[in-house]
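Encoded as structure tokens, the structure appears first; notes follow it.
The numbers here are math on the coordinates, done by the rules we state, and not lab data. Every value quoted in this text rests on a predicted model; they were computed, and no experiment measured them. As a convention, Cβ positions derive from the backbone with ideal geometry for all residues, glycine included, and neighbour counts pool all protein chains shown.
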Amino acid sequence: MSVSPHTSPGQTNKSFLNYDTVDAFCAQNHVDRKTAEAAGIQWSTLEAICKHHAARADELRTAGIVVTTALQPVPYVHSLKMRVKNWVHLAEKIIRKRIDDPKNVIDETNYTEQITDLVGVRALHLFKEDCFSIHEAIKERWEFHEQPKAYVRKGDSDEYQLEFTKAGFLVNEHPHGYRSLHYLAKCQPQKTLIFVELQVRTIFEEGWSEIDHRVRYPSFSDSPLLKQFLNMFNRLAGSADEMGSFVVLLNAQLISNAAKTEELEVQLGHKGKQIEEVIEKLNISESEKKGLKEQLAELRAARTKESQLSMDIGSQPTFGQLSNSLLGQSVNIKDLLSSLGGSQSYLDNLKCSSCGKIDVGLIGGKCLTCSVKGFT
């Protein structure tokens, strides 16, 4: 940073937004004086840029509010954050850009084209898959200044990255290792066109990136120990996202299982009625019929208990186990029917067309074991 002809490094200069000296600015904002000087930008130029930016604060804030308001009703958007870039951070970014490319001319006439995150909006969501629905909503609302970018983690599958490519993103591995979607949306609430940097990421990624930014960004820290810790934190955030995705899949599976269980319960209810009708038709005494009905009641009670246990994920039995616990009694019923004098022709009518087993409650000519194979 070259000091203007009117200001020496130690001279008081209250004109730059209340900083007495260049040194005071550098010390307060963690900018090395030699690094700042290497940027080769005039102090007066930097001052003019920051003053111009400060004068546009309300206009920029309005653009941010417009974008935030438009995103509030979008499904899967959990929460929103909006900020107008602090003039100090703007000065820091200009310094870094000049260091990276000393030939890059930045002044008050073109800084809005080179610094495109003067106003930023973040849309946070719970599960990483939700980003695609949010992406569709964003496409419907704004035109983009450039192709949107999808930052992925090292190790993300090719299939996962391909989804972003198909959706129109430029896919890059993030240098600090987190997932985030970046858009540069065109917004014009007044006469001047404003670029709004729109970021979409999960709540877990937001927490990680905020901590990383808070620790690493102000001091440009390259501490190996700090990097190691932040990398560990990064992996935890990524694992939390994966667990969130698994919960979604698990919930969908449980809902599907519940629907199948309900259908099976209806079939078992019909079977119970058929068994009761069979018992009434048997040529046996009332006491023997009562005994069979008691066995049926015990089977129903056992089935109800197993259904209640199935609500516990840790001990949930398979559908095969649930049906077999009931059907395991069918051999006893066959023997009991035979001992009670059931005719051979009657027993033949109870034979399963698939496996040949005798069952008093056939469903469509099949025993319950064969009928529920599709549910196991």
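Pairs over the 22 Å Cα-Cα cut-off, from the set Lys34/Lys103; Lys81/Lys128; Lys34/Lys149: Lys34/Lys149. If you plug the beta carbon distance of Glu140 and Asp32 into 1/(1 + (r/R0)^6) with R0 = 51 Å, you get a FRET efficiency near 0.65.
For the stretch 193-208, backbone phi angles converted through the Karplus equation (6.51, -1.76, 1.60; θ = phi - 60°) give residue-by-residue couplings of 6, 10, 8, 10, 7, 10, 10, 10, 7, 6, 4, 5, 5, 5, x, 5 Hz, Gly and Pro being listed as x. Between Glu173 and Lys351, the contour length at 0.36 nm per residue exceeds the alpha carbon distance by 57.7 nm. With each label modelled as a point 7 angstrom along the Cα→C-beta vector, the Gln188-Ser79 pair spans 3.5 nm.
I'd like the distance separating the alpha-carbon centroids of the stretch 252-306 and the stretch 99-168, in whole Å. Distance between centres, Cα-based: 59 Å. Taken one residue at a time, the phi angles of the stretch 247-252 give Karplus couplings (6.51, -1.76, 1.60, θ = phi - 60°) of 4, 4, 5, 4, 4, 4 Hz. Gly and Pro are set to x. When the Debye formula is applied to the Cα atoms of the stretch 39-163, each taken as the same point scatterer, what base-10 log of I(q)/I(0) results at q = 0.22 Å⁻¹? The Cα Debye sum returns log10 ratios of -1.22.
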